[in-house]
Amino acid sequence: MGFQPYRSPSTGREVRAVLFDTFGTVVDWRTGVARHAAAFAADQGHELDAEAFADDWRALYQPAMEAIRSGQRGFATLDALHRENLDQVLRRHGFDPGQLGGEALDGLNKCWHRLPPWPDSVEGLAAVRRSYIVGPLSNGNTSLLLDMAKNAGLPWDVIIGSDMTRTYKPLPQAYLRTAGFLDLNPGEVMLAAAHNNDLHAARKAGLATAFIARPTEYGPGQVADLAPESDWDLSASSISDLADRLGA
């Protein structure tokens, strides 16, 4: 008997594409940003709590996107939002952005393009890819996601950035437009994510859902998203485990 695609209990359809939230689910943003921030501070002769710096920068992520989701401002790429937020987080940690070169600041901002994958990500994605279309369903813009894939060795079939959908999760258009670019019914697309709120929004938009546990995304003191908080189609301990559960 040939391969039988996973049929989603929630959508009633066979899954053809498994798309992944990226920051936190596929790559370890906290470790990567902290590493680059520490090197930047050392070059400037500045002491820095690099993990706190990473946490503070990430904390500005949702408020920046919310201004776009709510219509308060027009669309801007995640690269642009990260760069705007960088000045704020630098000041909070004792730097004067005005005294730092633009090239150095742009280089630090590009650290989001060079984040390390979780240990299971590359092998797990390759396993899923044997039987399903794989790609990111991320708030990252296309160039960011492309650089990240090249740096981390992520074997995507396709990259559809938020600059293509022109919107940010968790608005339904982020999920639906991505499915549309693939010419798939939303129910034929599964979102795999380490964040329950992302999965809630994806399911509301008609996608199949899979939870992947990343209990140290926010460090050893993480208190949220330690376990699935709803009856997602699948729940896995890693991307490799997800591949097994999908029959890939």
(message) Suppose all protein chains stay in the model; what accessible area per residue would a 1.4 Å probe give for region 11-90, in Å²?
(response) 40 Å²
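Once the Cβ-Cβ distance between His200 and Val158 is put in as r, and R0 is 22 Å, what FRET efficiency do you end up with, to the nearest 0.05? Please list the in-between numbers first.
Details: r = 24 Å, r/R0 = 1.11.
With R0 = 22 Å, the Cβ-Cβ based efficiency is 0.35.
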(request) Taking 7 Å along the Cα-to-C-beta vector as the label spot, tell me the Asn185-Asp55 distance in nanometres, rounded to one decimal. (result) 4.5 nm
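With only Lys, Arg, Asp and Glu charged, each at its Cβ (+1 for the first two, -1 for the last two), find how big the charge dipole of the chain is about the Cα centre; round to the nearest 20 debye. Don't skip to the end; give the middle numbers.
Details: 23 positive and 31 negative charges, 147 e Å.
Computed charge dipole of the chain: roughly 700 debye.
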(request) Quickly estimate the mean residue ellipticity at 222 nm for the chain, helices only: each DSSP H run with n ≥ 4 gives -39500 (n - 2.57), and the total goes over all residues, rounded to 500. (result) -12500 deg cm²/dmol
(request) Compute log10 of I(q)/I(0) for region 147-248 with the Debye formula, placing one identical point scatterer on every Cα and leaving out solvent, at q = 0.13, 0.19, 0.21 Å⁻¹, to two decimals. (result) -0.51, -1.11, -1.28
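Cβ neighbours within 10 Å, averaged per peptide: list 108-118, 37-47 in order, most packed at the top. It would help to have the intermediate numbers written out before the result.
Values: 108-118: 20.0, 37-47: 14.8.
Highest-to-lowest ranking by the protection proxy: 108-118, 37-47.
When the accessible area of region 104-161 is split by element with a 1.4 Å probe, what percent falls to carbon and sulfur?
Working: 1100 of 2110 Å².
Percent of accessible area from carbon and sulfur atoms in region 104-161: 52.
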(message) Could you order the peptides 62-71, 96-105 from most to least packed, using the average number of other C-beta atoms within 10 Å per residue?
(response) 62-71, 96-105
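For region 45-98, what is the Kirkwood estimate of the hydrodynamic radius, computed as the reciprocal of the mean inverse distance between distinct Cα atoms, to one decimal in Å? All intermediate terms of the calculation are to be shown ahead of the outcome.
On the way: mean 1/r = 0.0834 Å⁻¹.
Final number for the Kirkwood radius of region 45-98 is 12.0 Å.
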(request) Return the percentage of antiparallel bridges among DSSP beta bridges fully within the chain, rounded to the nearest 5 %. (result) 10 percent
(request) Quick one: angle between helix 78-92 and the longest Cα principal axis of the chain, in degrees between 0 and 90, rounded to 10, please. (result) 40 degrees
(request) Can you check what the Kirkwood hydrodynamic radius comes to for region 85-168, Cα pairs only, in Å to one decimal? (result) 14.7 Å
(message) Going Cα to Cα from Lys150, which lysines come in below 21 Å? Please leave out same-chain ones fewer than 8 positions away.
(response) Lys110
(message) Quick check: the angle from helix 50-59's long axis to the longest principal axis of the chain, C-alpha only, nearest 10 degrees?
(response) 60 degrees
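Convex hull volume of the Cα atoms in the chain, per residue, in Å³?
119 Å³
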(message) For the chain, take the longest principal axis of its alpha carbons; what is the angle in degrees between that and the long axis of helix 142-152, to the nearest 10 within 0 to 90?
(response) 90 degrees
(message) Which order do you get for Phe181, Phe20 if you rank them by accessible area with a 1.4 Å probe, largest at the top?
(response) Phe181, Phe20
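The values are calculated or read from the model by the stated rules, or taken from the named source; none is laboratory data. Owing to the predicted nature of the structure, the values given are computational and were not obtained by experimental measurement. Neighbour counts are summed over all protein chains in view; Cβ atoms, including those assigned to glycine, are modelled from backbone coordinates with ideal geometry. Heads up: the accessible areas ignore ligands, DNA and RNA and are worked out on the full protein's heavy atoms, side chains in. Shrake-Rupley method; radii C 1.70, N 1.55, O 1.52, S 1.80 Å.
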